[in-house]
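A short worksheet on the structure shown next.
Every number here is computed from the coordinates shown, using simple stated rules; none is lab data. What you see is a predicted model, and the numbers here were worked out from it, not measured in a lab. Cβ: placed from backbone, ideal geometry, glycine included. Neighbour counts: every protein chain shown.
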Amino acid sequence: MSRLHLLSRPLPEACAQNCLDACATGDSVLLLGQALLSDALPLPAGVNVYARQEELDAFDPALIKTACEAVTDDVFVALTETHQSVVSWY
């Protein structure tokens, strides 16, 4: 069962660590807001990482340490439709 994890807090906050612990191969993570400012996230192999282009544009690129694919809002919606469940981590 693939899950889309919406992460809005950076490490070392507990919810960010809980998100990382819950991720499995085939899952995806969408970084939102302050989560983009985390140090490189130690995600398992096979986990895709995304961020909304609008949010990436709001931060200095030098501050973003986790490699992620920029997506539009339409792609964000498509991700919610293609995963079996969506989990929000605040």
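Here the contact order of segment 3-89, divided by its residue count and restricted to Cα pairs under 8 Å and six or more residues apart, works out to 37 percent. Ellipticity at 222 nm from helices only: DSSP H runs of n ≥ 4 in the chain, each -39500 (n - 2.57), divided by the residue count, give -7500 deg cm²/dmol. Once Lys and Arg get +1 and Asp and Glu get -1 on their Cβ, which of 78, 17, 29 lies farthest toward the positive end of the dipole of the chain? Looking along the dipole axis, the top candidate is 17.
Counting only Cβ charges, +1 for Lys and Arg and -1 for Asp and Glu, the dipole size of the chain around its Cα centre is about 260 debye. Remark on residue 69: its backbone amide H falls under 5 Å from those of 49, 50, 51, a criterion applied only to residues 5 or more positions apart or on other chains, H modelled at 1.01 Å from N.
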